[in-house]
Amino acid sequence: MTASNPSGRRSAADPDFLTLHEIVQKARQKLNHDSWDYIVGGTETETTVRRNRAALDSLAFRPRVLRDVSHIEPGTTFLGRKLRLPLLLAPVGSLELFAKEAGAASARAALDYGVAHMLSSVCEPTLEDVAQTVPEALRIFQLYVHGDANWVDNMAARTMDAGYSAFCLTVDSAYYSRRERDMAKRNIRRSVVPGREHQATLTWKDVERLRSILKIPLILKGIATAEDASLAVEHGVDMVYVSNHGGRQLDHDRGSLDVLPEVVQAINGRAKVIVDGGINRGTDIVKAIASGADMVGIGRMQCMGLAAGGSAGLVRLLEILEQEVRSCMGLVGVNSMTELDSSYLHQAPILGPSHMLSAFPLLSLEEKSFY
Ligand code: FNR
């Protein structure tokens, strides 16, 4: 596939990867056990992680046939930019574990391929450095609140000064969850960040204040009910990001794709809707868009791409995802994402255990160290 993308550059991605499964396998080979657990782990029983996959696995397609599907266009327009897929690289902390340039490596991949990038506030390098290194990327900054109102407002000002297109506040992290994979190894560095206690004090008043000072769109990440989606819109939020943090915060939460329809209904077109959680395949992206999302985020798969081959590995992962999306769209009978709606979906029994890697059945033929 030609790499026609906003940066005009050709992808330097490793063409040897033919399937996503090979990329996940390479990531596993390259990472030590701590870094691997950091990617794949969730909170406590990891039920939310599994529910994210189960919500996707319980959706089957209702394909339509005998339509001319020779001109598939899986792209979208987001924040005024044309993207090759309705896809966002979700904010991931500590990307330095997977690629030398960390956040700048994934921003570069987003630019080279043609999707949006959201930089985590707990990822290296600084938001200004990423802006300087990859200025042309479609950049969004995500904040964890680690200070008082003045601290937050200063972060908002820095985000705008550095030319980011939107500001995202993560609101599902009042407390740092119990990540037992890390605790079991006494690897608890990430849970003791100074100022983290400010997260627990956040209220809708903070959202109001932020909305009044921001001159760029405001996104709330971690919305999990219709009620909070409605409140977000009433407080002037521009985009509602349905997420359970990839099953890393509240255990026994619902799967994101189970939450999405009630949020879409409550918002009723008044704000854009982003969703993430268990999105590992092209078919998952199509299901999320058919369920009413405008954009879809990937967290762990982003880490896999970076770990397997740095920025180029992530571009290759995006190319394969696009191939899967195109094939899925053609086979369900649509040429564009705007044609998709819930009439293409059907609730169906799940055929096996849903877990972090169940989208890659070929892995089960290999070593056990994936789990
Ligand atoms: C995350 N996530 C996250 N979210 C956020 O708002 N700020 C952050 O710094 C991080 N850090 C982070 C690290 C790692 C290793 C993972 C896997 C996830 C959550 C992330 O943005 C996203 O919501 C989930 O990753 C989506 O689920 P999948 O795609 O990983 O299944």
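The values are calculated or read from the model by the stated rules, or taken from the named source; none is laboratory data. Keep in mind it's a predicted model, so treat the numbers as computed, not measured. Ideal geometry is used to build each Cβ from the backbone, glycine not excepted, and the neighbour counts take in all protein chains shown. Only protein heavy atoms, including side chains, enter the accessible area calculation; ligands, DNA and RNA are left aside. Shrake-Rupley method; radii C 1.70, N 1.55, O 1.52, S 1.80 Å.
Evaluate segment 161-169: report whether one residue or more is within 22 Å of the chain's Cα centre (by Cα) and open to solvent by 50 Å² or more (accessible area, probe 1.4 Å).
no
Could you check segment 12-75 for helices (runs of 4 or more DSSP H) lying wholly inside it with 3 or more residues that are β-branched (Val, Ile, Thr)? Spell out the reasoning first.
Numbers: elements: 20-30, 33-40, 47-57.
So the answer is 47-57.
Matching residues to (1) surrounded by fewer than 22 Cβ atoms within 10 Å (Cβ to Cβ); (2) in contact (Cβ under 8 Å) with a residue 12 or more places away in the chain; (3) over 16 Å from the mean Cα position of the chain (by Cα):
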{"position": "LEU250", "(1), (2), (3)": "yes, yes, yes"}
{"position": "ASP253", "(1), (2), (3)": "no, yes, yes"}
{"position": "VAL264", "(1), (2), (3)": "yes, yes, yes"}
{"position": "GLY269", "(1), (2), (3)": "yes, no, yes"}
{"position": "GLY278", "(1), (2), (3)": "no, yes, no"}
{"position": "GLY305", "(1), (2), (3)": "no, yes, no"}
{"position": "GLY309", "(1), (2), (3)": "no, yes, yes"}
{"position": "ARG316", "(1), (2), (3)": "no, yes, yes"}
{"position": "ASN335", "(1), (2), (3)": "yes, yes, yes"}
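Mind counting the residues in segment 181-190 that are within 15 Å of the ligand (Cβ to nearest atom) and in a helix (DSSP H, G or I)?
Number satisfying all stated conditions: 4.
If a residue must be within 16 Å of the ligand (Cβ to nearest atom) and either within 26 Å of GLY195 (Cα to Cα) or open to solvent by 10 Å² or more (accessible area, probe 1.4 Å) (or both), how many such residues does segment 100-136 contain? Give the derivation first.
Here is the first cut: in segment 100-136, the residues within 16 Å of the ligand (Cβ to nearest atom) are 102-107, 109-110, 115-127, 130.
Still in the running and either within 26 Å of GLY195 (Cα to Cα) or open to solvent by 10 Å² or more (accessible area, probe 1.4 Å) (or both): 102-104, 117-127, 130.
Total satisfying the criteria: 15.
Picking from GLY299, GLY282, which residue would you name as being touching a Cys at 6+ places or on another chain (Cβ under 8 Å), closer than 25 Å to SER120 by Cα and within 16 Å of the ligand (Cβ to nearest atom)?
Values: GLY299 fails: touching a Cys at 6+ places or on another chain (Cβ under 8 Å).
Only one candidate qualifies: GLY282.
Taking GLY255 as the residue in question, decide whether it is modelled with pLDDT of 95 or more and in contact with a Cys (Cβ under 6 Å, 6 or more places away or on another chain). Walk me through it before giving the result.
Values: modelled with pLDDT of 95 or more: yes; in contact with a Cys (Cβ under 6 Å, 6 or more places away or on another chain): no.
So GLY255 does not fit the description; no.
So which helices (runs of 4 or more DSSP H) are wholly in segment 230-335 and hold at least 2 residues that are acidic (Asp, Glu)?
Working: elements: 256-267, 282-290, 300-332.
Hits in segment 230-335: 256-267, 300-332.
Does ASP238 satisfy the criteria of being within 16 Å of the ligand (Cβ to nearest atom), open to solvent by 10 Å² or more (accessible area, probe 1.4 Å) and either more than 26 Å from THR45 (Cα to Cα) or in contact (Cβ under 8 Å) with a residue 24 or more places away in the chain (or both)?
Details: within 16 Å of the ligand (Cβ to nearest atom): no; open to solvent by 10 Å² or more (accessible area, probe 1.4 Å): yes; either more than 26 Å from THR45 (Cα to Cα) or in contact (Cβ under 8 Å) with a residue 24 or more places away in the chain (or both): yes.
No.
Which one of the conditions (1) at negative phi; (2) modelled with pLDDT of 95 or more does ALA102 fail to meet, given that it meets all the rest?
Of everything listed in (1) at negative phi; (2) modelled with pLDDT of 95 or more, ALA102 misses just condition (1).
Examine segment 78-87 for a residue that is part of a helix (DSSP H, G or I) and away from the ligand (no atom under 11 Å from the Cβ), and state whether such a residue exists. Step through it out loud before you land on a result.
Here is the first cut: in segment 78-87, the ones part of a helix (DSSP H, G or I) are none.
Checking segment 78-87: not a single residue is part of a helix (DSSP H, G or I) and away from the ligand (no atom under 11 Å from the Cβ).
Among the listed residues LYS205, LYS221, LYS185, LYS215, which satisfies the condition of being touching a Phe, Trp or Tyr at 6+ places or on another chain (Cβ under 6 Å) and of a type in the set (Lys, Arg)? Give the steps one after another, and end with the answer.
On the way: LYS205 fails: touching a Phe, Trp or Tyr at 6+ places or on another chain (Cβ under 6 Å); LYS185 fails: touching a Phe, Trp or Tyr at 6+ places or on another chain (Cβ under 6 Å); LYS215 fails: touching a Phe, Trp or Tyr at 6+ places or on another chain (Cβ under 6 Å).
Sole residue among the options that is touching a Phe, Trp or Tyr at 6+ places or on another chain (Cβ under 6 Å) and of a type in the set (Lys, Arg): LYS221.
In the list ASP206, ASP172, which residue meets the criterion of being buried (at least 17 other Cβ atoms within 10 Å of the Cβ) and within 23 Å of GLY277 (Cβ to Cβ)? Show your work before the answer.
On the way: ASP206 fails: within 23 Å of GLY277 (Cβ to Cβ).
Unique residue meeting the criteria: ASP172.
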